[in-house]
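Every number in this text was worked out from the coordinates using simple rules, so none of it is lab data. Since the structure is predicted, the reported quantities are computational estimates derived from the model, not experimental observations. Cβ coordinates were reconstructed from backbone atoms using ideal geometry, including for glycine residues, and neighbour counts include every protein chain displayed.
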Amino acid sequence: MTPRPAHAEDPESFLPLHRDTFHILVSLADRDRHGYAVMQDVLERTDGKLRLSPSSLYASIRRLLEQDLIEELDERPDPAHDDERRRYYRLTRLGREVAKAEARRLERLLGDARATGLLPRRT
Amino acid sequence: MRTPRPHERFSRRAFQALLALYPAAFRDEYGRELSLVFTDRYRDATTRWDRAQLWVEAVVGILREAPQEHARMIVHDLRDGCRALRRHALVTATIVVTLALGIGANTAVFSLLNAVAVRSPLPVEHAEQLYVVNRGRHVAEGAESARLSGPGFDLLRNSAPDGVQLAAMSRGVARVYTRIGQERETVPASLQLVSSNLFPVLGVPAALGRLLPEANGTDANQPLAVISYAYWQRRFGGSPDAVGRQITINGASFTIIGIGARGFAGVWLETPVDIWVPLTAQPIVQYTQSFTADGANLGRPWLPQSGIWWLHVVARVPPGQATAVTGAFNASLSRLEGRDAGVALQPFAQGFSRFRQQFSTPLMVLMVMATLVLLAACANVANLLLTRGVGRQRELAVRMALGAGRARVFHQLLIESALIVIMAGAAAVAFARWAGDALLRVAIDGPAPFAAPIDFRVLVFAAAVALLSVVAFGVWPAWRATRVDPVEAFRGSTRTIMGGATRPARTLVVLQVALSLVLVTGTGLFVRSFLELLHLDLGFEPRRVLTVRVDPKLAGVPARDLPETYRRVLDEIARVPGVESTALAMCGLGTCAIEDGYHVEGYQPRKDEVVAFSVNAVTPAYFTTVGTPLLAGRTFNDADREKAPYVAVVNRTLATRYFGEWSQAIGRRFGLTGLDVEIVGIVEDVRGLGNLKAAVMPSVFVPLAQRPVIPREVEIRTSIDPATTMTAVRRAVEAAAPSLPIESLEPAVVLVQRGLSQERLMVLLTSAFAALALGLAAFGLFGILSYAIARRTSEFGLRIALGATPSHVQWSVVRDALQLVLYGVVIGLPLVAIGGRLASGLVFGVSPYDPPTLLAAVLVLTVVGAAAGAGPARRASRVDPMIALREE
C-alpha cells in the first residue's frame, strides 16, 4: 500500500476530488455496498448519466483503499445478486470527512454561481 | 440462483480472458469482483445494443486502466526497490562501485583499442579499397615501413591496370615554419608532400577552393598549397579569403588554392597535417626526412632520383582485383630492379599510426586483464548477493505471508537488480570517460591527438554480463527460496538457511583468487621489466645531458652564415654557468637515419642480408658531452676535416658483428661505394630512445666536417641538474641567434622517460587492475569467512566449551582461508602460463614464466588471505559458548 503523507490526515488536501471518486464516496455514505451496488447507485442518482465501467470502478476503489478513504469488509452473500459472495466497502472516518469537504466546496461554487446571477437565487 | 445462459457464460469467460491484460497482482486482488460486476451488468442489459455498449465500455476501460496499473506497479516496485537498496546501503554501494569499476575499466580499454586498432579514422569513401604498395623486407615491418622512389611511383602508375588509381605522399609529416602576410615571427606547422591526385584517390573533397591540379611530375614551378580545415580555422579564423593568400613555408612563398574537407587531417592517426604541397615542391620546402638512399644526391631534387625511397604509394583497387594488381606491380618493379621485388598490397583502411604499432599488443593484453577484473567483480557481487540473499529469505517470507504472489516477488527482485546495474552503468560511464582520457594521456605523454569516444557496445555488453551475475546470484536463489513454506523459513535456524549459499560462494572466492594470481603475477612481470629498463645501461649519461633541437636553415638562415651561427650559439651556451661542454649532431640521441648498402672489409653478407647502419654526424666533443664511453682507439679531432681521409667511430655491436672480436675493428675499413672509411674508434652501444627494448643497431659516427649535412641537435653537458640550466640556455640561444626557433629544449632524462611510456602504462594499469582484483578477492574471502563464522557459531561455542584455546580456533578459521587461497592458486597456475605467452613480447629482461615473480604473487595472495581471515578468526575465538548454544 502506498504510504500516506502526513498531511493526508487533512481532508482538504484531497480536494478537488475526481467526479467518479466523489460519486463513489457519496454512494457509500449511507450504507456499505459492494462494487456492483455502488455502480447501480451512481447510475440511479445521476439519472443514468454516469455509468461507471467495471475497470474504472475498481481502479477508483483501489485508489480509495490506498488513500484510506474506504475500507474493505468481509465478503458476504448478496441475496439481491444470486447470493454470490461479494466484497463490501465502507467509508472510513477520513473518507467521510473528505466527502463532506468536497460537498462543501461544491456548495460554495454553487453559491458563487447564484451570487453572480449565473443561476437563479434560492427563494 | 438463476442458471446463466450460454451467451452469459461465454461473455463472462471472454471478459475474464481480457483481464489477463492487468498485472497479476491486480488480477489476484480484484479479478473476481470485476467478473462479477461485469456479469451483473451483462445480465441487466436487456437489448443487444445495451450488451454491445457494455462490451465497448469494458474493453475501452480495460485498455485505458490496465497500462496505468502496470505503470503504477513498476513505480511502486522502483520505490520499494530503492528503499530496499537504501536499507542495505553499504552492500548496495559496494556492489555498484565494484560493478562500475569492472564495467568502466573494460569500456575504457576497449574504447581506446577501438579508436586505435579497430575503427577506421580515415573519413574517406570506401576505405576498404585502399592499399599501400609495399615490397621486399619492408612488407614484414608493416605498411608504415613501405617506401618507393619517384621513378618507381611513375612506373607503377604507368603499369596500373584500368580502374586502379595510384597516388603518392611523402613518408613523413615535416615540421615547417610558416609566415602569413606581414607576420614577423614564424609559426610552426605540419606539412606533407603529396601527388596531385591524392585527395581524389582517397575520396576527400575540398571544403573550399580547389585541390592540387594535375601537373607534370617534374614541373617545379607550382608553388601551390592546400591547407586542412582545422588549420584554416586556427590560422585564418575560417575566413573565405584564405583561398588565394600567400603563405611562406620555410622561406618559400606558396599560394593557398583550397581547403581540405572538414574532419580530414591526413592519414596519420596521431599526426594531423596542416598543409599539403605537391611532391615537386620537395626542394623548395627543403624536405629531407623519412627516407632511405643509395647512390643518390640528397642535395638535388628527390622526385626524379631512383636512389631515394621517400614516398608512400597508395592504390585504390576495385573489389576483387587486388591479386591481379599485385602481380602487375610486381612484374614491373622486378623488371626494373632485375630481381623479385616482392610487392604486396597492404590494407590502408585505417591509415598509419605509430601509436597503433606501439600500443596494439599492450592494449589487447590490458583488454584481457580488464575482462579478468570484470569477472572478479561479478564474482564478488555474486558472493555479496548470495550471502545477502540468505538474510532476505525471512524478508521475502514476510512478504509472501502478507499476500504477495511469487510472480510479484520475482518482479520486485528483478527491478532491484535492474536498479543496481543502471546505477553501476551510469557510474561506469563517468569512470570510463575519466579512465579513457587518463589512459591516453599516460600512453602518449601529452595532449591526445585523437579522440577515443566511449564505445557503448562494450558498455552494454559489460553491463549485460553484470546483470546476468546479479540475476543469477541475486534474483534466482532468492526466488527459489520463496518455494519454501514461509513458516519453515521463519522457523529454520541460521545454519540451515545459510548452508545453501556456502558452496557456490566458496567456489566464487576460489575463482577470484585464481584471477588475482594472474593479475598479480602479470603486474610483477611488468614491474620487473620496467625496473630492468630503468636500470638499463643506455650507453650515455642522461642525467648530465640537455638536448636542444634547432634548424637554422629552415628558419631562413643563408647557407654561408651557418658555420658562424652555430659557432655563436655554441659559444653563448658554453658561457652559461654549469655547462661543461657542447657538441653538435645530425640526429638526436639514439635515433638516426638508417643507411643500407654498406660494404665491410673482410665481410661477405649472406644472400638476403642487408648491411645497414644507423649513421650520425657529430663534432669531436660529442662523445664526452653525452658521456658515451670510448672502448678502444680514439674519437674525432680537428684533423678530421673535409679534405682529410674519411674516418668513423663505430659502436660495439657493429664491431662485434662484422669483425668477430670488437677490438679487432680498429683500423679496418668500410664504405658505400668503396672501402674508403677507416674505423678509428669504438664506443659503447647507445640504446635507441624510441624503443629501449629493441636490440641495438650497428651504429656509425662520422665527423660533421666530413658530411654535408645540417646538424639539428645541440648536446650540452652540465655539471648540475640540466633542468636548472634550461632557461639560461634558451636565453643564450636567443642572444646568439634571435630569429632561430628552438624546436625543443629538454633534459635527456625526459626523452628517456618518454621512451618508456608504453612500459609505464603497462605498470600503472596492471598495478591498478591487480590491486583491484586483490581487494575484491580479500573482500570476498572476508565475506565468506564472516558468514561461515555465523553459520558455525554453535560449533565454535561447543569447541571452546570443551577446552579449545582461542588461538586454536583462530587457526582453524585462517586455515580455511588459506585452503581457499591454495585452491585458487592451483586453478590459477595454468591461467598464468597462458597469460605468460600473451605477454611475452611486452616484457624485457625477465622471463614471462619467471619463478621468483610467481612465488612473490603466491606470497602476496597468502598474506592477503590470512589478513582477510584475521578479523573473522578473532570473532570466532571470542564466541561465548553459553550464548552460542542457547541461540541454537
Where does the charge balance sit around B:Asp80 when Lys and Arg score +1, Asp and Glu -1, over other residues with C-beta under 12 Å from its C-beta?
-> +3
Between the Cα axis of helix B:48-87 and the main Cα principal axis of chain B, the angle (0 to 90°, nearest 10) is 60
Report ³J(HN,Hα) in whole Hz for each residue of the stretch B:609-620, in order, from the Karplus equation J = 6.51 cos²θ - 1.76 cosθ + 1.60 where θ = phi - 60°; Gly and Pro get x.
-> 7, 10, 8, 10, 10, 8, 10, 10, 10, 9, 7, x
Angle in degrees between helix B:757-791 and the longest Cα principal axis of chain B, rounded to the nearest 10 = 20
Count the net charge of all other residues whose Cβ sits under 14 Å from the Cβ of B:Val313, scoring Lys and Arg as +1 and Asp and Glu as -1.
-> +3
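Taking K and R as +1 and D and E as -1, what net charge do the other residues with C-beta under 12 Å from the C-beta of B:His138 add up to? Each step should come with its number before you reach the end.
Working: positive: B:Arg135, B:Arg137, B:Arg147, B:Arg171; negative: B:Glu141, B:Glu144, B:Asp596.
With Lys, Arg at +1 and Asp, Glu at -1, the neighbours total +1.
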Would you mind ranking B:Ser767, B:Ser847 so that the residue whose beta carbon has the fewest other beta carbons within 10 Å leads the list?
-> B:Ser847, B:Ser767
Return an integer: the convex hull volume of the alpha-carbon atoms of the stretch B:270-333, in Å³ per residue.
-> 143
In 5 Å bins starting at 0, how do the alpha-carbon pair distances of the stretch B:290-433 split up by percent?
-> 2, 6, 8, 10, 9, 9, 7, 6, 5, 5, 6, 6, 5, 5, 4, 3, 2, 2, 1, 0
Which aspartates and glutamates have a Cα less than 15 Å from the Cα of A:Lys49, not counting those fewer than 8 places away in the same chain?
-> A:Asp20, A:Asp41, B:Asp50, B:Glu57
Order of B:Cys378, B:Cys587 under a 10 Å beta carbon neighbour criterion, fewest first | B:Cys587, B:Cys378
For q = 0.05, 0.07, 0.08, 0.09 Å⁻¹, what log10 I(q)/I(0) does the protein assembly as shown give under the Debye formula with an equal point scatterer on each alpha carbon and no solvent?
-> -0.55, -0.84, -0.95, -1.07
Note, the stretch B:18-29: 3J(HN,Hα) by Karplus (6.51, -1.76, 1.60, θ = phi - 60°), whole Hz, Gly/Pro = x, goes 4, 4, 4, 6, 7, x, 4, 5, 5, 4, 4, 7
The size of the Cβ-based charge dipole (Lys, Arg +1; Asp, Glu -1) of chain B about the Cα centre, to the nearest 20 debye, is 3480
Rg/Rh ratio calculated on Cα atoms of the stretch B:762-842 (Kirkwood radius) = 1.17
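With N set to the residue count of the stretch B:505-572, report its C-alpha Rg divided by 2.2 N^0.38 Å to two decimal places.
2.43
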In Hz, Karplus ³J(HN,Hα) per residue of the stretch B:523-539 (6.51, -1.76, 1.60; θ = phi - 60°; x = Gly, Pro) = 4, x, 5, 5, 5, 5, 4, 4, 5, 4, 5, 4, 9, 5, 6, 7, x
Of the options A:Gln67, A:Pro120, A:Leu43, report the single residue whose Cα projects farthest towards the positive end of the charge dipole of chain A (beta-carbon charges: Lys, Arg +1; Asp, Glu -1).
-> A:Pro120
Do any cysteines in the protein assembly as shown lack another Cys Cβ under 4.7 Å, and if so which?
-> B:Cys82, B:Cys378
Over all pairs of different Cα atoms in chain A, the reciprocal of the mean inverse distance gives a Kirkwood radius in Å of 15.7
Out of B:Leu538, B:Ala866, B:Ser35, whose Cα points farthest toward the positive end of the dipole of the protein assembly as shown (charges: +1 Lys, Arg; -1 Asp, Glu; placed on Cβ)?
-> B:Ser35
From the residues B:Leu672, B:Tyr646, B:Ala773, which one has its Cα farthest along the dipole of chain B in the positive direction, the dipole being from +1 and -1 charges on Cβ of Lys/Arg and Asp/Glu about the Cα centre?
-> B:Ala773
Residue order, fewest to most surrounding Cβ atoms within 10 angstrom, among B:Leu861, B:Leu818 = B:Leu818, B:Leu861
Alpha carbon centroid spacing (whole Å) that separates the stretch B:848-862 from the stretch B:589-656 = 44
Relative to the first principal axis of the alpha-carbon coordinates of chain B, what is the inclination of helix B:456-470, with its axis defined by its Cα atoms, in degrees from 0 to 90 and to the nearest 10?
-> 40
Percent of alpha-carbon pairs separated by more than 28 Å within the stretch B:1-157 | 63
Taking all pairs of distinct alpha-carbon atoms in the stretch B:322-371, Kirkwood radius in angstrom = 13.8
Taking the alpha-carbon centre of each part, the distance from the stretch B:276-314 to the stretch B:776-813 in Å is 77
Under the rule of -39500 (n - 2.57) per DSSP H run of 4 or more residues, summed and divided by the residues of chain B, what mean residue ellipticity at 222 nm is obtained, to the nearest 500 deg cm²/dmol?
-> -17500 deg cm²/dmol
Taking the Cα centre of the stretch B:603-683 as origin, work out the dipole magnitude from +1 charges on Lys and Arg Cβ and -1 charges on Asp and Glu Cβ, in debye rounded to 20.
-> 140
P(r) tail for chain B, what percent of Cα pairs lie past 57 Å?
-> 33
Where only C-alpha atoms are counted, convex hull volume of the stretch B:191-321 per residue in Å³ = 129
Work out the mean other chain Cβ neighbour count within 10 Å for the residues of B:57-69 and drop it here as an integer.
-> 4
